[in-house]
Amino acid sequence: MNRIVEKFNYLKEKNQKAFIPFVTAGDPDLDTTLELVLALERAGADIIELGIPYSDPMADGPVIQASSTRALANGTKINSIMDKVKEIREKTQIPLIYLLYYNSVFKYGPERFFERCKAVGVDGLIIPDLPLEERAEVIEIADRYDICIIPMVAPTSNDRIKAITNLGKGFVYCVSVNGVTGTRQKLNTDIKEYMDLISSYTDMPKALGFGISNAEMAKTYAPYCEAIIVGSAIIKLVAEVGTQEEIIKRVYDFSVEIKDAIN
């Protein structure tokens, strides 16, 4: 069984919420990415998103865009990320997800990309710009390698939610606000109504992301979903000047606060 599915089944039995942090692979370097993954797991992360840096990330706010720029400037490539994930897999079995843009998959070659993902131990993909009309073909390949294509819905999705979540696997990435990623002090969306709407179309676990920036916000919104996603707030900590050890400590301490707040 796919590790993502196994994790949500386990957490459901324990009546616990999932904490899903995001880090950009290669920011500030791939060795630090490996150490961040291990530190996040120690802090209580249940699933980890690894962003594959891209030069024009349409769904990302300035914080994550800057992290992609730093990673690309360091020479981070898809193959080097794959190699590092293989190394990560020697140390942990935590579910791993790539967040990337469709052009990266297309240029790599979809069949080759999924084959490599399976070989190194990637469990799922989030592809924000994957066109609905091309999804079925991508999902067909993903299914052969037991890799979840995780659907993303937004507050404006409304009657498109059924089509978006159809054939998706793992969980539903529920974008909390209209716009791009980034830390916020509050969410203007009626989260309960939004989550109820999504639940009326699918029984997949719901993971809420975009804008959750601290433990208080995580605690407020966790009752309405099965998972909390935190990205930009963690990337800000990574971007602060300091040694690898200092980066790891900042991210670990913050992540412990999030995990404690949601359970």
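Quick notes on this one:
- Yes/no for Asp129 being within 22 Å of Leu11 (Cβ to Cβ), under 19 Å from the mean Cα position of the chain (by Cα) and either at pLDDT below 95 or not hydrophobic (A, V, I, L, M, F, W, C) (or both): no
- Tally of residues being in a loop (DSSP other than H, G, I, E, B) and in contact with a helix residue (DSSP H, G or I) (Cβ under 9 Å, 6 or more places away or on another chain) across region 79-108: 6
- Given (1) β-branched (Val, Ile, Thr); (2) at pLDDT 90 or above; (3) outside any helix (DSSP H, G or I), index of the condition Ile161 fails: (3)
- Tally, over region 1-55, of residues that are outside any helix (DSSP H, G or I) and over 26 Å from Lys236 (Cα atoms): 4
- Answer from Glu226, Glu246 - the residue that is under 19 Å from the mean Cα position of the chain (by Cα) and either polar (S, T, N, Q) or modelled with pLDDT of 95 or more (or both): Glu226
- Members of region 93-117 that are of a type in the set (A, V, I, L, M, F, W, C), closer than 18 Å to Glu6 by Cβ and in contact (Cβ under 8 Å) with a residue 40 or more places away in the chain: Ile94, Leu96, Ile97
- Qualifying residue in region 79-87 (condition: closer than 22 Å to Met1 by Cβ and either out of contact with any Asp or Glu (no Cβ under 8 Å at 6 or more places or on another chain) or of a type outside the set (Phe, Trp, Tyr) (or both)): yes
- Of all residues in region 33-84 being crowded, with 18+ Cβ neighbours inside 10 Å and hydroxyl-bearing (Ser, Thr, Tyr), the one that is modelled with the lowest pLDDT: Tyr54
- Region 164-197 - residue that is small (Gly, Ala, Ser) and at pLDDT below 95 and, of those, nearest to Asp143 (Cα to Cα): Gly168
- Members of region 110-135 that are exposed (fewer than 13 other Cβ atoms within 10 Å of the Cβ), of a type outside the set (Lys, Arg) and assigned to a helix (DSSP H, G or I): Glu111, Leu132, Glu133
- Residue count, region 199-212 (criterion: buried (at least 19 other Cβ atoms within 10 Å of the Cβ) and either modelled with pLDDT of 95 or more or out of contact with any Lys or Arg (no Cβ under 6 Å at 6 or more places or on another chain) (or both)): 8
- Screening the candidates Lys249, Lys236, Lys219 for the property of being closer than 20 Å to Val37 by Cα, touching a helix residue (DSSP H, G or I) at 6+ places or on another chain (Cβ under 7 Å), surrounded by fewer than 21 Cβ atoms within 10 Å (Cβ to Cβ) and charged (D, E, K, R) yields one hit, Lys236.
The values are calculated or read from the model by the stated rules, or taken from the named source; none is laboratory data. Small disclaimer: the values here were computed from a predicted structure and weren't measured. All Cβ positions, glycine included, derive from the backbone under ideal geometry; neighbour counts span all protein chains shown.
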